[in-house]
Amino acid sequence: MPRQIYVNLPVADLKKAVNFYTAIGAKQNLQFSDDTAACMVISDTIFIMLLTRDKLSMFTDKSLADTRTHVQMWMTLTADSRAEVDATVEAALKAGGKGDVNAPDEFDFMYGRSFEDVDGHMWGINYLDMSKVPQQT
């Protein structure tokens, strides 16, 4: 079985966060969701655990970052096309996020854009044309 990754994100409003991630293409796994957490499936190996700030605080003694003013981490997903990159950012905007929080990446081999979710978590979405990736020397 391939390794899976679960990204745990603190959220202010669980329902709003679930709606946002659903709008950008994630599916909710109700088996691992309740009033304090929601498991959002990105792929067979990538999952986002949306946890209320109180719930996530139960697992750490550290204070949680305010992602509206501080970068906690920057996560990046791949897309199958430039059109999918654009569609994902547009969906993020329509769902209440912010689009193009940084300048788009535009190279011969890569096209990428960025967005923030409704809680300020930063995401990138990139299309890579592997046939044009520079060869290592």
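Considering the conditions (1) in contact (Cβ under 8 Å) with a residue 60 or more places away in the chain; (2) surrounded by 17 or more Cβ atoms within 10 Å (Cβ to Cβ); (3) out of contact with any Asp or Glu (no Cβ under 8 Å at 6 or more places or on another chain), Gly97 is excluded by exactly one of them, (3). Scanning the range 54-76 for residues that are part of a helix (DSSP H, G or I) and closer than 24 Å to Gly124 by Cβ yields a total of 1. Among residues that are in contact with a Gly (Cβ under 6 Å, 6 or more places away or on another chain), among the β-branched types (Val, Ile, Thr) and either at pLDDT 95 or above or farther than 21 Å from Val7 by Cα (or both), Val89 is included. All of (1) closer than 14 Å to Pro10 by Cβ; (2) buried (at least 17 other Cβ atoms within 10 Å of the Cβ); (3) in contact with an Asp or Glu (Cβ under 9 Å, 6 or more places away or on another chain) hold for Thr36 with one exception: (2). The residues of the range 9-36 that are closer than 17 Å to Phe59 by Cβ and either in a helix (DSSP H, G or I) or touching a residue at least 40 places away in the same chain (Cβ under 8 Å) (or both), listed by number, are Leu9, Pro10, Val11, Leu14, Phe32.
Condition check for Ser63 on (1) surrounded by fewer than 11 Cβ atoms within 10 Å (Cβ to Cβ); (2) outside the structural domain of Asp129 (by TED's automatic domain parsing); (3) in contact (Cβ under 8 Å) with a residue 40 or more places away in the chain: one failure, at (3).
Matching residues to (1) in contact with a Phe, Trp or Tyr (Cβ under 8 Å, 6 or more places away or on another chain); (2) outside the structural domain of Leu128 (by TED's automatic domain parsing); (3) closer than 29 Å to Pro134 by Cα:
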| position | (1), (2), (3) |
| --- | --- |
| Ser43 | no, yes, yes |
| Ile48 | yes, yes, no |
| Leu51 | no, yes, no |
| Arg82 | yes, no, yes |
| Asp86 | no, no, yes |
| Ala91 | no, no, no |
| Ser114 | yes, no, yes |
| Asp117 | yes, no, no |
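The values are calculated or read from the model by the stated rules, or taken from the named source; none is laboratory data. Quick caveat, the model's predicted, so the values are computed rather than measured. All Cβ positions, even for glycine, are placed from backbone atoms using ideal geometry, and neighbour counts span all protein chains on display.
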